[in-house]
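The values are calculated or read from the model by the stated rules, or taken from the named source; none is laboratory data. Please read these numbers as outputs of a predicted model, since none were measured by experiment. Cβ placement follows ideal geometry from the backbone for every residue including glycine, while neighbour counts extend to all protein chains displayed. These accessible areas exclude ligands, DNA and RNA; they are computed on the full protein's heavy atoms, side chains included. Shrake-Rupley method; radii C 1.70, N 1.55, O 1.52, S 1.80 Å.
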Amino acid sequence: MMEKLLKLAKKVADQVEIYSITYQTDSVSFENSRLKAIDSKIQDGIALRIVKDGKLGFAYTRNLLSREELIENALASIKGGVAAQYQFPLTKKITKLNSFDTAIKKVTNEQMVEECRRICEILGTNTKAEIHTSLEKAVQKIRLINSSGTDLTTQFSEFSGYAGILYPGSHAAIFRILYSKKFEQFPDHWLNLMVALYSQSLKEAKPKTGRMKVLFMPETLYALIWRLKEATNSKNIYEQVSPIKDKLNQKILSEKLTVVDEPLNDNLPNARAFDDEGMPCQNLTIIEAGVFKNFYTDLNYATKLKVEPTGNGYKANISSKITPMLNHLTIRPGQKSFEELIKMIDKGIIACGIMGAHSGNILNGDFSVGLAPGIYVENGEIVGQVKDAMVAGNIYEVMNNVVEIEDTLYPSFTGMASTLGSLPAILFADVSVAMKNS
């Protein structure tokens, strides 16, 4: 099917690329410890990129009924005048990865239901709170061929989950995310930590507005990481709008921070040997001991900046165009346990959940987020939950004031496009925290 489409498109275009994806999911969700839904989905799609006379055309379909119509739509989009001065790559050699675990096929909905019930039983029995949890297994297959001779295929197995303890009369929750290549139970020590944080913070605390330490949980760190990803994006470097555009090989963050993109880390789910343009992926250090070492590129912006592409050209979904993305971001762990980090807080907040991560000038690094929930700590002991509180600042100030980094990594969101990475909890000093009526 794809070969015939390639052959037809080559007759009317100088370059052709065809991207195909199949995504199958089975999911189970519980609300208030009761089964809410069991869903199964199969999604297919084909995206066509062509280059003709130096201009880019793009079209996609979720059901290829007519190859000719898809080609005509791509040709019509060339009228938009988007320049394409790059060449689709010829990629023959890629790193061999084991990103698909065949055991995922044996995971049943009944098995996921039972695991959700186990989670609800442990969390609900120990807190008497409202418990929400969900699990999903997924199989994804991608194939990419182009007129340069590239023909690449990869397949992933994914198992993901969410567990949350909701505070009374609130949508705020203590939660944790699971992400693996195969079925795994939520670790008991995760569930025990969630219970402990919730139980110790039921009482309301009313600290005063001021500057204090803030411990960002792995699940909330994306509010800061999102801004760093935008600043190191080749698109923003090229357009001269990144605040660190001229700071390559200069220290911009705390020397305790090392940030890397690790698509070739086969210990993590969704490892990638090639990106959505067929470029070989590479492990790329973005920040090394606080120093800005590399920005990330797709083919387009690598060509514009006259640098080698880093293999970070991805699609957010079948209908989206290729853009530079960091889809496998990791922050190197530190030396302190989570409990030790709490003990290091003389006065401060644990940011367990946030609202409004999009607020503030993202590109400039500014943020202002509501805490949902925030937990107040004094003299290394949890005092209680704070309500109607906000944390604000600029990442180039806050991320230069790292006290310590947790010694463990957790699957965590790293941006608003639902990209997952591996992050620790990080304790920052001298952060502005505003309390209502304070």
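Residues in the range 266-298 that are within 19 Å of Pro333 (Cα to Cα), open to solvent by less than 40 Å² (accessible area, probe 1.4 Å) and modelled with pLDDT of 95 or more: how many?
The number of residues fulfilling the criteria is 6.
Could you tell me how many of the residues in the range 11-52 are within 25 Å of Met279 (Cβ to Cβ), in contact with a helix residue (DSSP H, G or I) (Cβ under 8 Å, 6 or more places away or on another chain) and not hydrophobic (A, V, I, L, M, F, W, C)?
The number of residues fulfilling the criteria is 3.
Filter the range 101-138 down to residues that are open to solvent by less than 40 Å² (accessible area, probe 1.4 Å) and part of a loop (DSSP other than H, G, I, E, B), then give me how many there are.
Qualifying residue count, the range 101-138: 2.
Got a sec? Which strands (runs of 3 or more DSSP E) wholly within the range 374-436 have at least 1 residues that are small (Gly, Ala, Ser), farther than 18 Å from Leu228 by Cα and open to solvent by 10 Å² or more (accessible area, probe 1.4 Å)?
Those strands (runs of 3 or more DSSP E) span 426-435.
Kindly indicate whether any position in the range 356-368 is surrounded by 23 or more Cβ atoms within 10 Å (Cβ to Cβ) and of a type in the set (Asp, Glu).
no
Can you name every residue in the range 1-57 that is open to solvent by 50 Å² or more (accessible area, probe 1.4 Å), under 30 Å from Ala129 (Cα atoms) and not small (Gly, Ala, Ser)?
Residues satisfying the conditions are Glu31, Asn32, Arg34, Leu35, Lys36, Ile38, Asp39.
Go through the range 161-193 and give me each residue that's without any contact (Cβ under 8 Å) to a residue 60 or more places away in the chain and either β-branched (Val, Ile, Thr) or open to solvent by less than 40 Å² (accessible area, probe 1.4 Å) (or both).
Within the range 161-193, Gly161, Ala163, Gly164, Ile165, Leu166, Pro187, Trp190 meet the criteria.
Is one or more of the residues making up the range 65-82 touching a residue at least 12 places away in the same chain (Cβ under 8 Å) and in a strand (DSSP E or B)?
Checked the range 65-82: no residue is touching a residue at least 12 places away in the same chain (Cβ under 8 Å) and in a strand (DSSP E or B).
Check off (1) open to solvent by 10 Å² or more (accessible area, probe 1.4 Å); (2) in contact with a strand residue (DSSP E or B) (Cβ under 8 Å, 6 or more places away or on another chain) for Asp246 and give me the number that stays unchecked.
Of (1) open to solvent by 10 Å² or more (accessible area, probe 1.4 Å); (2) in contact with a strand residue (DSSP E or B) (Cβ under 8 Å, 6 or more places away or on another chain), only one is false for Asp246: (2).
Whether any residue in the range 299-306 is at pLDDT below 95, open to solvent by 20 Å² or more (accessible area, probe 1.4 Å) and within 27 Å of Ile50 (Cα to Cα) is what I want to check.
No, the range 299-306 has no match at all.
Just checking, how many residues over the range 355-368 are part of a strand (DSSP E or B) and at pLDDT 95 or above?
3
Restricting to the range 58-77, what's the tally of residues that are buried (at least 19 other Cβ atoms within 10 Å of the Cβ) and of a type in the set (Val, Ile, Thr)?
1
Residues to consider are Lys203, Lys251, Lys208; find the one that is within 25 Å of the chain's Cα centre (by Cα) and among the basic types (Lys, Arg).
Lys251
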